[in-house]
Amino acid sequence: MNRSLTGATVQIDFQSPTLNDEEIDYLRSKLREDYDLIVRGVELGEDSASPPIAAAPTTHTISQTTDAVATRDGEPSRIVPCTIRSGQTEEFPQGSLIIYGDVNSGGEVRAGGDIVVLGTLRGNAYAGTNGRLSAVIIAMDFAPLQLQIGNCVNRSSTNQKPPGYPEIARIGPEDVIIIEKFVKF
Amino acid sequence: MGKVIVVTSGKGGVGKTTSTANLGTALALLGKSVVLVDADVGLRNLDIVMGLESRVVYTSMDVIEKQCELNKALVRDRRVDGLMLLAASQKNNKDDMQPEQMKAICDKLRTTYDFTLVDSPAGIERGFRNASAGADEAIVVTTPDVSAIRDADRIIGLLQNVEIEPINLVINRFSPQLVGNGSMMDQADVLDILNIDLIGVVPEDSGVITSTNRGIPLVYEDGSPGAQAYMRIARRLTGQRIPIPDLEQKGLFSSIVNWFTKNR
Ligand SMILES: Nc1ncnc2c1ncn2[C@@H]1O[C@H](COP(=O)(O)OP(=O)(O)O)[C@@H](O)[C@H]1O
Ligand SMILES: [Mg+2]
């Protein structure tokens, strides 16, 4: 995945949707084994006001977002633990955005640095909002309505189904956005 | 203590009123006490779909303006025990009602009825806010087309912002034939985008139109596919576990796991 994150320490702050202990452990070990990411802490939502029903498994809620400590060029990253839905915007001019979910049609993500969508990108993504032309947009399934990197814009021409592998968008020669299979950073 | 469930969609004409009428009737047929609240102030039509149009004397606006007691404004459906309707005012508009006033009505109904189903108007403005103000849970109705789904997605975001939980999805006007020949999105596609729990799929059924015109909810004719779908959803609302065929429910967690396994 994103080389910039390898070996970094990341804090994920969970609120909604709910994850149970087992699921959190699974994510923790996956992130460590596959990406060398160390989950420093998992912050649980304050559920104390409404105690869980006796039989229900323990669940934790995910709070909006948290800024991870390290990434490319010393900039912070923001981890968003949920899908960005139609009408919602997530903006992070200070660095990169990592979305644990989808960006749906009608939703928008904007980052000063890179955008990584660990789901399907169906909406609008704008990377390098501060004019950084080396910014990239990566999604597991790539079906965006509109991409923008720096001041290069790319509108989807057709309603193509994503190819089934991750793709990356970056500015290529002649200042046009090219989209290709994502192999490594 | 009962539950207040808002039936909503964002887009108009996708089947909110049809679903409210049929689910309410179905729940009453299952022995629950139910009140249907029309929150479409100024464009009411739940009373027509329920065939109770001629019996509406008072509306929620009269209750709010203290012209009459809440109980007196409820119209009893004589075809089944325990089913009531609170009509919307036709002469007012949505801005004449405040979300807190609707919430106060729902709070009262919750103490008496097992289910209060609130039929929301289309849109994301005041009408929607009024309809959802007193809700504990939501049913989002969509048809399997991109514009209805985008509006449903918007509504889900708004419902999540005010922490209405659970939000269950009804896919209405589903046509297996159209899915078969590739011209309609299938269940998995819809769920992949909306990522909430599916509570039922209602097929396209011409019986809906005739039943609407006659003011007799479809669920009274138990043979039809639409009626059966609504009965199943009502059972699920009462907590019965009835599997939805051909369904792979996807939550955030399973999507992440799927992605990891797919990309090993
Ligand atoms: N499953 C269905 N099959 C066929 N027609 C339907 C179905 N559901 C709704 N309709 C029709 O669609 C129209 C809009 O339905 P309605 O419930 O009034 O939508 P809404 O309240 O969301 O505006 C009505 O004419 C209704 O008869
Ligand atoms: Mg309606």
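The values are calculated or read from the model by the stated rules, or taken from the named source; none is laboratory data. Remember, it's a predicted structure, so these values are computed and weren't measured experimentally. Neighbour counts run over all protein chains shown; Cβ positions are idealised from the backbone, glycine included. Surface accessibility is based on the protein's heavy atoms, side chains included, excluding ligands, DNA and RNA. Shrake-Rupley method; radii C 1.70, N 1.55, O 1.52, S 1.80 Å.
Name the residue that is farthest from residue B:46 (Cα to Cα), counting only residues in the range B:116-127 that are touching a residue at least 40 places away in the same chain (Cβ under 8 Å) and open to solvent by 10 Å² or more (accessible area, probe 1.4 Å).
Only one residue tops the list, namely B:124.
Go through the range B:175-201 and give me each residue that's modelled with pLDDT of 95 or more and over 26 Å from residue A:141 (Cα atoms).
B:199, B:200, B:201 - these are the residues of the range B:175-201 that are modelled with pLDDT of 95 or more and over 26 Å from residue A:141 (Cα atoms).
What's the total number of residues in the range B:206-220 that are surrounded by fewer than 22 Cβ atoms within 10 Å (Cβ to Cβ) and either touching a Ser or Thr at 6+ places or on another chain (Cβ under 7 Å) or hydroxyl-bearing (Ser, Thr, Tyr) (or both)?
Total meeting the criteria: 5.
State all residues of the range A:141-154 that are open to solvent by less than 10 Å² (accessible area, probe 1.4 Å) and either small (Gly, Ala, Ser) or under 14 Å from the mean Cα position of the chain (by Cα) (or both); if no residue qualifies, say none. Spell out how you get there, then give the answer.
Taking the range A:141-154 and keeping what is open to solvent by less than 10 Å² (accessible area, probe 1.4 Å), we get A:147, A:149-150.
A:150, the sole residue that qualifies.
Kindly indicate which of B:171, B:156 is open to solvent by less than 10 Å² (accessible area, probe 1.4 Å) and within 13 Å of chain A (Cβ to nearest Cβ). Break it down stepwise before answering.
Working: B:171 fails: within 13 Å of chain A (Cβ to nearest Cβ).
Step by step, each of B:171, B:156 is checked, and only B:156 is open to solvent by less than 10 Å² (accessible area, probe 1.4 Å) and within 13 Å of chain A (Cβ to nearest Cβ).
Among all residue pairs at least 6 apart or on different chains, which show Cβ distances below 9 Å where the first residue, located in the range B:65-87, is of a type in the set (S, T, N, Q) and the second is assigned to a loop (DSSP other than H, G, I, E, B)?
Going by the 9 Å Cβ cut-off, the qualifying pairs are B:67/B:58.
Under the condition of being more than 7 Å from ligand 1 (Cβ to nearest atom) and within 14 Å of chain A (Cβ to nearest Cβ), which residue from the range B:9-29 is modelled with the lowest pLDDT?
Among them, the one singled out is B:10.
Can you confirm whether the range B:202-222 contains a residue that is within 13 Å of another protein chain (Cβ to nearest Cβ) and in a loop (DSSP other than H, G, I, E, B)?
no
Are any residues in the range B:128-149 within 16 Å of ligand 2 (Cβ to nearest atom), of a type in the set (Val, Ile, Thr) and either open to solvent by 10 Å² or more (accessible area, probe 1.4 Å) or more than 14 Å from chain A (Cβ to nearest Cβ) (or both), and if so, which ones?
B:139, B:141, B:143
Filter the range A:110-136 down to residues that are part of a strand (DSSP E or B) and within 14 Å of chain B (Cβ to nearest Cβ), then give me how many there are.
The qualifying residues number 7.
In the range A:155-178, how many residues are open to solvent by less than 60 Å² (accessible area, probe 1.4 Å) and under 24 Å from residue A:94 (Cβ atoms)?
Within the range A:155-178, residues that are open to solvent by less than 60 Å² (accessible area, probe 1.4 Å) and under 24 Å from residue A:94 (Cβ atoms) number 4.
Being of a type in the set (A, V, I, L, M) and at pLDDT below 95 narrows it down to one of B:105, B:124, so name that one.
After applying the criteria, what remains is B:124.
Looking for something modelled with pLDDT under 95, out of contact with any Ser or Thr (no Cβ under 8 Å at 6 or more places or on another chain) and open to solvent by 10 Å² or more (accessible area, probe 1.4 Å) - is there at least one such residue anywhere in the range A:107-130?
The answer is yes; a qualifying residue exists.
Failed condition for residue B:162, given (1) open to solvent by 10 Å² or more (accessible area, probe 1.4 Å); (2) under 21 Å from residue B:230 (Cβ atoms), with all others met?
(2)
Sort out which residues of the range B:212-227 are of a type in the set (S, T, N, Q) and touching a residue at least 40 places away in the same chain (Cβ under 8 Å), and write them in order of number.
Within the range B:212-227, just B:212 meets the criteria.
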